[in-house]
Amino acid sequence: MKRLSIIAIIAVVSLACSGGNDNSHTTATTFVSPPPRQVLQEARRPSVTPVHPVRADTDKPLLVFSLPNGKTFREGEDVVINFTLVNAKLRDDGGDFRIRYMVDDEDMKWIDRQEDVVLTGWLPGEHTIRLELVGADGWPLKDNILTREITVVK
């Protein structure tokens, strides 16, 4: 008796799903919110570049990134891209060079003046900041591609 009623229930469910029409179907929709996406806000301010004693070849440009590798920041804290250029001038400062920077392999941004870039809006986790000194030909200069890993905690 139980076996017959189970078969009857399966038959009713099958008919309800098909609706007796070969073209009808049942769709289940689930809404899953996307994970939070990091959106950084950028502010620029005059550079307060500390004087670093740098030994450099006097004929070659050199980019020095002041952010230490592996630094930890608290959520809501500003991350400042501060750099020093030796034997080179940026485009808006009368030179031929540009600095390209990328955060976490997102879109690249440009720095054309000796100024600090302040980034806010970081999500907790591991992040990568990459700076490249780019010459007049549009290519980054060898030995002037710098990467820093940072951690943002709650």
| remark: If Lys154, Lys89 are placed from fewest to most neighbouring beta carbons inside 10 Å, the sequence is Lys154, Lys89
| message | Give the lysines reachable from Lys109 as a straight Cα distance under 20 Å; neighbours fewer than 8 places away on the same chain don't count. | response | Lys89, Lys142
| field | Computed label-point distance, nm, for sites Glu126 and Gln41 using a 7 Å Cα→Cβ extension | value | 2.9 nm
| field | Residues Asp93 and Asp143, FRET efficiency given R0 of 25 Å [Cβ-Cβ distance, rounded to 0.05] | value | 0.70
| remark: Put in order of increasing Cβ neighbours within 10 Å, starting from the fewest, Phe73, Phe83 give Phe73, Phe83
| query | Using the alpha-carbon centroid of each, what span in Å lies between the stretch 30-46 and the stretch 53-128? | reply | 20 Å
| remark: The FRET efficiency for Phe31 and Asp107, from their Cβ-Cβ distance with R0 = 35 Å and rounded to 0.05, is 0.75
| query | For labels at Phe73 and Arg100 in the simple 7 Å Cα→Cβ model, what's the distance in nm? | reply | 2.2 nm
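A short reminder: the numbers here are calculations on the coordinates, not readings from a lab. Here the structure is a predicted model, which is why all the values come from computation and not from measurement. Using ideal geometry, Cβ is built from the backbone for each residue, glycine included, and neighbour counts are taken over all protein chains shown.
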